[in-house]
Amino acid sequence: MSELNNIALKILEKGKGILAADESTGTMTTRLEGVNVPSTPQNRLLFREILFSSSSMRECIGGVILYDETIKQESSKKNKIPELISEMGSAPGIKVDIGAKVLAGSPDEKITEGLDGLRDRLKEYFQLGAKFTKWRGVYNITKNYPSQLSIQSNAHALARYSALVQECNMVPIVEPEVLMEGEHSAKECFEKTSEVIKKCFDELILHKVDLKGIILKPNMILSGNKSKEKISGEEVAKLTLKCLKNSVPTEVPGIAFLSGGQSELEATENLNLINKHNDTNFVMSYSYGRALQQSALKFWSKNTQNIVGTQKVFNHRARMNTLAAQGRWSKDFES
Ligand code: 5MM
């Protein structure tokens, strides 16, 4: 078994998932200011260090995606953040794209940038201890979108990124996110997500990426957040599994969903149902940002010195999702 395959499987072993703590400074500022905490480098670190040193890191969090600022910061005990994460038994990872920018030729859509100079940046991150990386492409659903231009150019970028990452002995997380924003139905989400993922794999294969050494980070199949249609969790699970069975090659070891704006409870409940019905060989776990951090951030903002209390809130969410990643969660565990 290849080294990259081992890393991917270890990150997602025994119901473990990924903590997406890779918010860029702009996004983290929005999150912190949303709870009335000033967005300084110290505060960004303080909150993140509280999460990274929580006890659930050992049992639940197989990997943490960091942002460039954080991977270079030191913890309060003066060790580097990737060292802290490794000591907690988890794998440090890094977001390496530099964001989604306006797509020339289709200005209402986005293309993710960051390929120029990537090989050198990857070497630096590897030296800093990163074991895996992340790149996110975003697609919106409207009557005319996502366009072929957006589907093809983002797939191409995800594949070039993945090939460079594997060359540098790290596992690429491939994140094509079909956004929840919009009026579309779950059927449209299913069709567009299937098309987007299939194109990504065409390009990954063309670029000779070892599919056993990647993790796919897709959206679940949901109706748009402005749609009148409401579908059940059972339906979400059924459509999500159908989509992935039809579009993901069987060599891929693991799938870690993004939460994409679902509430913490919805993200856990849907993941649980997906796993209850999982009739594939893929490990199906989580790589959540908001759905792991929201309650902890809210709690922490009331008293930023309350480390133990904040960790308790985070530990609970991480444990619920790790149960869900094994299809063993129940609503009764929430209270
Ligand atoms: C943590 O949020 C990441 C995006 O941050 P920026 O927009 O600031 O770059 C994002 O890539 C995240 O990893 C995924 O979208 C999953 O996060 P959610 O909150 O959707 O689970």
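The values are calculated or read from the model by the stated rules, or taken from the named source; none is laboratory data. Keep in mind the model is a prediction, meaning the values are calculated, not measured. No Cβ is skipped: glycine too gets one built from the backbone with ideal geometry, and neighbour counts run over all protein chains shown. Accessible surface is based on the protein model in full, side chains and every heavy atom, while ligands, DNA and RNA are left aside. Shrake-Rupley method; radii C 1.70, N 1.55, O 1.52, S 1.80 Å.
For this structure, a couple of remarks:
- Only one of the numbered conditions (1) assigned to a loop (DSSP other than H, G, I, E, B); (2) more than 30 Å from GLU251 (Cβ to Cβ); (3) in contact (Cβ under 8 Å) with a residue 60 or more places away in the chain is not met by ARG319, and that is (1).
- Within region 1-45, if we keep just the residues that are of a type in the set (A, V, I, L, M), assigned to a helix (DSSP H, G or I) and away from the ligand (no atom under 12 Å from the Cβ), the residue that is most open to solvent (accessible area, probe 1.4 Å) turns out to be LEU9.
- Any hit, region 295-310, residues being in contact with an Asp or Glu (Cβ under 9 Å, 6 or more places away or on another chain), open to solvent by 20 Å² or more (accessible area, probe 1.4 Å) and within 16 Å of the ligand (Cβ to nearest atom): yes
- Residue within region 276-292 that is surrounded by fewer than 22 Cβ atoms within 10 Å (Cβ to Cβ), touching a residue at least 40 places away in the same chain (Cβ under 8 Å) and closer than 25 Å to VAL171 by Cβ present: yes
- The listed residue being within 12 Å of the ligand (Cβ to nearest atom), at positive phi and not β-branched (Val, Ile, Thr), out of GLY105, GLY117, GLY99: GLY99
- Residue list for region 262-278, filter: part of a helix (DSSP H, G or I) and not acidic (Asp, Glu): LEU265, ALA267, THR268, ASN270, LEU271, ASN272, LEU273, ILE274, ASN275, LYS276
- Residues of region 49-69 that turn out to be in contact with a Phe, Trp or Tyr (Cβ under 9 Å, 6 or more places away or on another chain), within 14 Å of the ligand (Cβ to nearest atom) and assigned to a helix (DSSP H, G or I), as a count: 2
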